[in-house]
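Only one structure is covered here, and it is reproduced in the block below.
The values are calculated or read from the model by the stated rules, or taken from the named source; none is laboratory data. Every value quoted in this text rests on a predicted model; they were computed, and no experiment measured them. Methodologically, a virtual Cβ is constructed for each residue, glycine included, from the backbone with ideal geometry; neighbour enumeration extends over all protein chains shown.
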Amino acid sequence: MVDQGNEQGDLRHGAQARPQQSEGGDHVHQPTPSPRDPVIRLENVSKSFGALQVLDGITLEIARGETTVIIGPSGTGKSVLLKHIVGLLTPDRGAVWVESMRVDQLSESQLVDVRMKIGFLFQMGALFDSMTVEQNLCFPLAEHMKMSAAQRVARCQAVLELVGLTGVEQKMPGDLSGGQRKRVALARAIVLEPQIVLYDEPTTGLDPMRAGVINELIISLSKRLGITSIVVTHDMASANKIADRIVMLYDGHIIADATASNFSDTNNDLVQRFIHGRTDDADLDRIHGAHMANR
């Protein structure tokens, strides 16, 4: 566990990882990265599920403190990529690094240190329905931090204020609106003061106004807490709002990678069709052909 000496914690710096240990229990020296080093690196990462090739030789570096948005059609491996970063999946080939730690070679016990650096906002929030908001937020603190009950409650209140929610601590998730549940899930993702937050479709299922609130929170947390963010989304309005950089995956490959201001100028038909929501002509022909056959 990590010791916390004040009531709310810093909420400005990521939790400091304990020294990594080898399988035999000896500490492994980890060089301190310079601020210019990428905080996350994927090197020639490939992943298949049976005959389905989901990632095919992905190489990607994520800069510290920036917001990188990953877009692409459904089934192109966006969420699979996120799960490799936190060690929920391991690549068939290639390497995954978080700072100086090679994630794909760590044991489950060693992965604890990596996961303490990373908050994960799941697509559906993944709150515990049988727990109050406060209990949901305090759960990871009780598991991983040496804090008194009063310190945990204070930290929970602090992160709820950061996401613009107060007075909901004793409510159940089922009593909250979709936007409120998403904000509680975001508060839980940052309650351990991570250096990195991974967002899996953060605006899915929200109306444009509530989606706008989530977008503003992602921007605010990045600026106020210095968080490195990776956001998976289909929502181009959200991508253009929050991104420093946009990466597009298609058929297991990166087909576009540009700053947010330049991405719309990418000279690639697949990218342009995705940006503008244009349907593939072959898909239209199949739809029209099926309609005519059923007349």
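Some notes on this structure:
- Any hit, segment 81-93, residues being crowded, with 20+ Cβ neighbours inside 10 Å and among the polar types (S, T, N, Q): no
- Residue that is farthest from residue 229 (Cα to Cα), among those in segment 62-74 that are surrounded by fewer than 20 Cβ atoms within 10 Å (Cβ to Cβ) and under 17 Å from the mean Cα position of the chain (by Cα): 74
- Single residue of 140, 38 found to be touching an Asp or Glu at 6+ places or on another chain (Cβ under 8 Å) and not hydrophobic (A, V, I, L, M, F, W, C): 38
- Top-ranked residue in segment 222-244 [being of a type in the set (A, V, I, L, M, F, W, C) and over 20 Å from residue 85 (Cα atoms); ranked as surrounded by the fewest Cβ atoms within 10 Å (Cβ to Cβ)]: 237
- Count - residues of segment 69-92 that are of a type in the set (D, E, K, R) and in contact (Cβ under 8 Å) with a residue 60 or more places away in the chain: 1
- Filter result for residue 258 (hydrophobic (A, V, I, L, M, F, W, C) and either in contact with a helix residue (DSSP H, G or I) (Cβ under 7 Å, 6 or more places away or on another chain) or exposed (fewer than 15 other Cβ atoms within 10 Å of the Cβ) (or both)): no
- Within segment 69-106, the residues that satisfy the criterion of being β-branched (Val, Ile, Thr) and assigned to a helix (DSSP H, G or I) are 80, 85, 103.
- Residue count, segment 149-168 (criterion: buried (at least 19 other Cβ atoms within 10 Å of the Cβ), under 11 Å from residue 138 (Cβ atoms) and hydrophobic (A, V, I, L, M, F, W, C)): 2
- Listed by position, the strands (runs of 3 or more DSSP E) enclosed by segment 159-256 that each have at least 3 residues that are more than 16 Å from residue 120 (Cβ to Cβ) are 245-250.
- When residue 96 is tested against (1) more than 15 Å from residue 114 (Cβ to Cβ); (2) modelled with pLDDT of 95 or more, only condition (1) is not met.
- The selection criterion, being under 24 Å from residue 114 (Cα atoms), modelled with pLDDT of 85 or more, in contact with an Asp or Glu (Cβ under 7 Å, 6 or more places away or on another chain) and of a type outside the set (Val, Ile, Thr), does not hold for residue 170.
- Some residue of segment 103-119 being more than 17 Å from the chain's Cα centre (by Cα) and closer than 30 Å to residue 259 by Cα: yes
- When restricted to residues that are under 21 Å from the mean Cα position of the chain (by Cα) and either charged (D, E, K, R) or more than 23 Å from residue 219 (Cβ to Cβ) (or both), segment 174-202 contains 7.
- Yes/no for residue 171 being surrounded by fewer than 19 Cβ atoms within 10 Å (Cβ to Cβ) and either touching a Cys at 6+ places or on another chain (Cβ under 8 Å) or over 17 Å from residue 274 (Cβ atoms) (or both): yes
- Residue 101 vs. criteria in contact with a helix residue (DSSP H, G or I) (Cβ under 9 Å, 6 or more places away or on another chain), over 25 Å from residue 175 (Cβ atoms) and among the aliphatic types (A, V, I, L, M): yes
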